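Peer 1: My questions will all concern the structure given below.
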Amino acid sequence: MKTALGIILLVVGLLGHLLAAQAIGGSAMAYRHHIFGFFLILVVTGAIIAVLGWRFWRGRRDITLLIIGAVQALFGVAIYVERFRV
């Protein structure tokens, strides 16, 4: 259950980036930059959360994926909302 929710939250994060790219014009460069940003955030925060997971909740990969998904969803929604303030 937690693994599925983590994957859903990752998709929500990516969707936030894609909708933000569409909101600023939908050019190929906008999509490219937002997808790159999604994966950059995923690598950086994922590495930090994975290390914390290895240290504090070893063997619970579902919790790690859920937290990574939640962080990505928060970033994705924040980036989408921020595009309307520009």
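Peer 1: Does any residue of the stretch 26-40 turn out to be out of contact with any Asp or Glu (no Cβ under 6 Å at 6 or more places or on another chain), surrounded by fewer than 17 Cβ atoms within 10 Å (Cβ to Cβ), of a type outside the set (Asp, Glu) and outside any helix (DSSP H, G or I)?
Peer 2: Yes: one or more hits.
Peer 1: Kindly list, by first and then second residue, each pair from a residue in the stretch 41-68 that is in a loop (DSSP other than H, G, I, E, B) to a residue that is at pLDDT 95 or above and surrounded by 12 or more Cβ atoms within 10 Å (Cβ to Cβ), limited to pairs with Cβ atoms under 9 Å and residues at least 6 apart or on different chains.
Peer 2: none
Peer 1: Would you check which residues across the stretch 53-65 are of a type in the set (A, V, I, L, M, F, W, C) and more than 19 Å from LEU5 (Cβ to Cβ) and list them?
Peer 2: Answer for the stretch 53-65, where residues must be of a type in the set (A, V, I, L, M, F, W, C) and more than 19 Å from LEU5 (Cβ to Cβ): TRP54, PHE56.
Peer 1: Which is open to solvent by less than 50 Å² (accessible area, probe 1.4 Å), at pLDDT 95 or above and on the phi < 0 side of the Ramachandran plot, of ALA20, ALA73?
Peer 2: After applying the criteria, what remains is ALA73.
The values are calculated or read from the model by the stated rules, or taken from the named source; none is laboratory data. Here the structure is a predicted model, which means the values were calculated and not measured. Cβ atoms come from the backbone with ideal geometry, glycine included; neighbour counts cover every protein chain shown. Just the protein is used for accessible areas: all its heavy atoms, side chains included, with ligands, DNA and RNA removed. Shrake-Rupley method; radii C 1.70, N 1.55, O 1.52, S 1.80 Å.
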